[in-house]
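*Asks:* I have a structure here, written as structure tokens, and I will follow up with some questions on it.
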């Protein structure tokens, strides 16, 4: 029998232990089984509002991507986008997510998104390239996302590894410079837009195929030309083109300037440059000069006490090809010297990340950590350097796509599914990039959030779902965690009034515009 502790009772360890056992230790009841209305995709209604804002359902239908019966194609694509953001790497995981998530059950309650439905749809060859073109054209009609003069287009390629199969027709045995290993993968060439207002989103992609015979088939430069011509179908203003040293090709430079693109890249060790020299009593002449020599000349000023990190050098020329007619009327390709912008720079953004990314830079012209930046805008060399600094944003996009959106996690052996996976990933990143821009555009650098913080704190976070009847109408209440408080402005701006999945947003008398943050 336990003793009662009074004022006169000695307070020793025995009484303290008995007091803890009797009065403070909680009892554990047996578990009860009930269906909990919890969800993992709290930001799905906001994603649906952004989906409708850019008319993705209409663009899919216009591209010929639709089904005759069952769940509509645009709904399957939207669920696939939700699955990518939620970390689902296969259609069976996406199907399970749609069936167990309380919020998604309410959104897709009239349809059953089974695994075979998703698998059969995404393995069917549709015109995904047409949807990508219409997506970019639709973005150019929106004042927030349209490209204007002076905006930057980044060009680069990356490997999409597929270690689950070998010798598929669309796979190649390629060497990955970042990991220093060979593997079966796809080489994807990508264009990305970086706007002056801070918004950045992916444009197009193309898969390069390795051919058995040399000189047969399209090169990565040919694929880049095709994508730039597709971009010119909806954008006519003058744009910047930022690329790494691999795309340093004089014929490609001529193509860019002919289509109103200003290019900027990093010089290679074997890049042929010329310096204009004027001597007294002689004609002007052009003397060959190596990029390393130019860097060495400017290096002392770069490391001087003034703290400069870039120096523009004048009077540098490069030979570019042009076509003319010969004496017999035949087309002849000749070379002519044109002035270019040359900037010796150090402490670039990519230099600080080279060790972590593992990317080598053996072919670049360098001297003690300094590099040479080339551009056709000889009248604005420092602006060209600023544009080249934005080239690193496409490397950030590759990292986000691989770590957060399952860029390399499509296990399907169907080429049609692989292309659909990439196109849906580009659509998902377009919506996420716009949402991130809306969150950070009025905040300082210290207050802004990263892409991963937004995904884990809003779009893929847990929530509690409750449904009640109020005066004959159904109301749905969604409780967020207090972590989502930093995204309250985005929630207020894009929270839908109705939770139903329709081809066009229908605002009925159902009032579901209720959300609150719980502590």
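Any read-out appearing in this document is the output of simple, stated calculations on the displayed coordinates, not a laboratory observation. Note that the structure is a prediction, hence the values are computed from the model and not measured. Cβ placement follows ideal geometry from the backbone for every residue including glycine, while neighbour counts extend to all protein chains displayed.
*Asks:* Ranking 375, 27, 172 by Cβ neighbours within 10 Å, fewest first, what do you get?
*Replies:* 27, 172, 375
*Asks:* In nanometres, what is the gap between the two model label sites at residue 27 and residue 233, each 7 Å from Cα along Cα-to-Cβ?
*Replies:* About 7.3 nm, to one decimal.
*Asks:* How much length is gained on full extension from residue 210 to residue 481, taking 0.36 nm per residue of separation minus their Cα-Cα distance? Please report the intermediate quantities before stating the final value.
*Replies:* Values: separation 271, 0.36 × 271 = 97.56 nm, distance 4.90 nm.
Gain on stretching residue 210 to residue 481: 92.7 nm.
*Asks:* For the chain, what is the mean residue ellipticity at 222 nm derived from helices alone (per DSSP H run of n ≥ 4: -39500 (n - 2.57); sum divided by total residues; nearest 500 deg cm²/dmol)?
*Replies:* The helix contribution divided over the chain gives -10000 deg cm²/dmol.
*Asks:* I'd like the FRET efficiency for residue 120 and residue 100, computed as 1/(1 + (r/R0)^6) with the beta carbon distance as r and R0 of 22 Å, rounded to 0.05.
*Replies:* 0.50
*Asks:* Okay, next question. Given points 7 Å out from each Cα along the Cα-Cβ axis, report the residue 62 to residue 176 separation in nanometres with one decimal.
*Replies:* It works out to 3.8 nm between the two label points.
*Asks:* A further question follows. Roughly speaking, what is the stretch gain from residue 399 to residue 259, that is 0.36 nm per residue apart minus the C-alpha to C-alpha distance, in nm to one decimal? Don't skip to the end; give the middle numbers.
*Replies:* On the way: separation 140, 0.36 × 140 = 50.40 nm, distance 3.02 nm.
Length gained, residue 399 through residue 259: 47.4 nm.
*Asks:* Order 175-185, 388-398 from most to least packed using the mean count of other Cβ atoms within 10 Å.
*Replies:* Result, highest mean first: 388-398, 175-185.
*Asks:* Right, next: Output the relative contact order of the chain, whole-number percent, from Cα pairs under 8 angstrom with separation of 6+ residues.
*Replies:* On the way: 816 pairs, mean separation 94.0, N = 519.
Here the relative contact order equals 18 percent.
*Asks:* Please report the spacing between the Cα centers of the stretch 156-212 and the stretch 81-116 in Å, no decimals.
*Replies:* Computed from Cα coordinates, the inter-centre distance equals 28 Å.
*Asks:* Okay, moving on. When 149, 429 are ordered from fewest to most other Cβ atoms inside 10 Å of their Cβ, what list results?
*Replies:* Listed from fewest to most nearby Cβ atoms, that is 149, 429.
*Asks:* Just order 315-325, 150-160 by mean Cβ neighbour count inside 10 Å, highest at the front, would you?
*Replies:* 150-160, 315-325
*Asks:* Here is a follow-up. Starting from the Cα-Cα distance between residue 246 and residue 300, subtract it from 0.36 nm times their residue separation and give me the gain in nm to one decimal.
*Replies:* 16.6 nm
*Asks:* By average Cβ neighbour count within 10 Å, what is the ranking of 41-51, 96-106 from highest down?
*Replies:* 41-51, 96-106
*Asks:* Diagonalise the Cα gyration tensor of the stretch 263-386 and give the resulting equivalent ellipsoid semi-axes, square root of 5 times each eigenvalue, largest first, whole Å. Numbers along the way, then the final one.
*Replies:* On the way: eigenvalues 186, 74, 31 Å².
Values for the stretch 263-386, descending: 31, 19, 12 Å.
*Asks:* Give the percent of DSSP beta bridges with both residues in the chain that are antiparallel, rounded to the nearest 5.
*Replies:* Around 85 percent of the beta bridges assigned by DSSP in the chain are antiparallel ones.
*Asks:* Next question. With r as the distance between the Cβ atoms of residue 290 and residue 322 and R0 = 25 Å, compute the FRET efficiency 1/(1 + (r/R0)^6) and round to 0.05.
*Replies:* Taking R0 as 25 Å, the efficiency between residue 322 and residue 290 is 0.55.
*Asks:* Continuing with this model, one more query. What distance in nm lies between label points placed 7 Å from Cα along the C-beta direction at residue 335 and residue 130?
*Replies:* For residue 335 paired with residue 130, the spin-label model returns 4.6 nm.
*Asks:* At a Förster distance of 35 Å, what's the computed FRET efficiency of residue 450 paired with residue 473, Cβ-Cβ distance as r, to 0.05?
*Replies:* 0.35
*Asks:* Hey, fewest Cβ within 10 Å first, where do 423, 297 land in order?
*Replies:* Numbers: 423 21, 297 14.
Listed from fewest to most nearby Cβ atoms, that is 297, 423.
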